[in-house]
Amino acid sequence: MLAAVLYASAAARLRRRGDAWPRWRDASFTAGGAGLAWAAVGPLPGGPFTAHMVQHLIVGMTTPLLLVLARPLTLVLRALAPGAGRRGLLALAHSGGAGWLLFPPLAALLDVGVLWLLYRTGLFATLQHLPWVHAMVHTHVLAAGLLFTFAVCQLDPVHCRWSLAVRGTTLLAAGAAHTVLAKSIYAAEPPGTAFTAADLHTGAQVMYHGGDLVEAALAIVLASSWYAATGRAHKRRHRADLHLRQQAVPRAPAGP
C-alpha cells in the first residue's frame, strides 16, 4: 500500500507539471496493491487448500498483471529529475544482466517451474508448519510473477526487447505447464498433505480456470502492444513514402 501511495504521488507530480498520465494506470496499480494486501491479511474463501489457491492466484498472477499494466518503471523515470538517480536506474534497466533476467523462457522457468517444485514435492507440506518458509515462498511467487509478466508484456523501457514470437511462444508454454499442474493437483494432492477431496478439487479448479483468465489477459496485452507497434511502424512508412512522392513531383518552371 505504501508503494501505491508513492505511485499516486509520482503520477500527481507529473500532472501538476502538465504531463499526461492516464488515471486508469493509477487505478490499476492501486488495485494490485489492495489485492496483495487482502491476500496477505484478509479472509480468503473456501477450505484451507482453496484459500491457498486464491492467494496464489492473487499474489502470483493477478497482482503482477495489474502492477505491470501501470508501467511503474516508466513513471519513475519520468518523475525523477535528471541526475545520478535517473541515470543509475536507466543503466540498470539497459544492462545485460537485466536483459537476460527478462529473457521470457528464463522468467517462465523461475515462475511456473518453482510451482511444480512446490506442489509436486514435499515443500508445500513443509510451509504449512513453518510460517517463515510460507512467507519466503510467497515472496518468490510475487517476484517471479512480476518478472514473468514484465518479460512477456515489455511495456516499460528496457534495452533488450525480445520478439513477439519468443514472448508469445513462452506464454503458451507457461500456460500449458500451469494447466497440466492444476490437473495433476486435481488428481493427486501435494505429497505429505491431507486435504478433503472437495477442498482439493475446488482449489485445483481455481488454479485451472483463474490461471486461464489471467493468461488470456496477458495474451490480449501482448496482442495489443504488437498491434500498436505495427500501427506506428505503418504510419512512419506512410509518412516516408508521402515525403518521397512529394519530392518526386516535378515543379513548374518559374515565370519570366
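For the stretch 4-34, the candidate set comprises residues that are open to solvent by 30 Å² or more (accessible area, probe 1.4 Å) and in contact with a helix residue (DSSP H, G or I) (Cβ under 6 Å, 6 or more places away or on another chain); within that set, the residue that is farthest from residue 75 (Cα to Cα) is 31. Of the set (1) touching an Asp or Glu at 6+ places or on another chain (Cβ under 6 Å); (2) at positive phi, all apply to residue 154 but (1). The set of residues in the stretch 120-134 being under 26 Å from the mean Cα position of the chain (by Cα), farther than 20 Å from residue 183 by Cα and surrounded by 12 or more Cβ atoms within 10 Å (Cβ to Cβ) consists of 127, 133, 134. Hey, can you tell me all the residues within the stretch 35-85 that are basic (Lys, Arg) and either in a helix (DSSP H, G or I) or open to solvent by less than 20 Å² (accessible area, probe 1.4 Å) (or both)? The one that is basic (Lys, Arg) and either in a helix (DSSP H, G or I) or open to solvent by less than 20 Å² (accessible area, probe 1.4 Å) (or both): 78. Residue check: residue 189 meets all listed conditions (1) assigned to a helix (DSSP H, G or I); (2) buried (at least 19 other Cβ atoms within 10 Å of the Cβ) but one, namely (1). Taken over the stretch 103-125, the criterion of being in contact (Cβ under 8 Å) with a residue 24 or more places away in the chain, of a type outside the set (Lys, Arg) and more than 28 Å from residue 222 (Cβ to Cβ) is satisfied by 121, 122, 124, 125.
Taken as a whole, the structure places residue 195 among residues that are over 27 Å from residue 94 (Cβ atoms), aromatic (Phe, Trp, Tyr) and in contact (Cβ under 8 Å) with a residue 24 or more places away in the chain.
Checking 204, 182, 151, 177 one by one, the residue that is in a helix (DSSP H, G or I), open to solvent by less than 40 Å² (accessible area, probe 1.4 Å), within 27 Å of residue 74 (Cβ to Cβ) and in contact (Cβ under 8 Å) with a residue 24 or more places away in the chain is 151 and no other.
The values are calculated or read from the model by the stated rules, or taken from the named source; none is laboratory data. Because the structure is a prediction, the values reported are computed rather than measured. Neighbour counts are summed over all protein chains in view; Cβ atoms, including those assigned to glycine, are modelled from backbone coordinates with ideal geometry. To get the accessible areas, we keep the full protein, side chains included, count just its heavy atoms, and leave off ligands, DNA and RNA. Shrake-Rupley method; radii C 1.70, N 1.55, O 1.52, S 1.80 Å.
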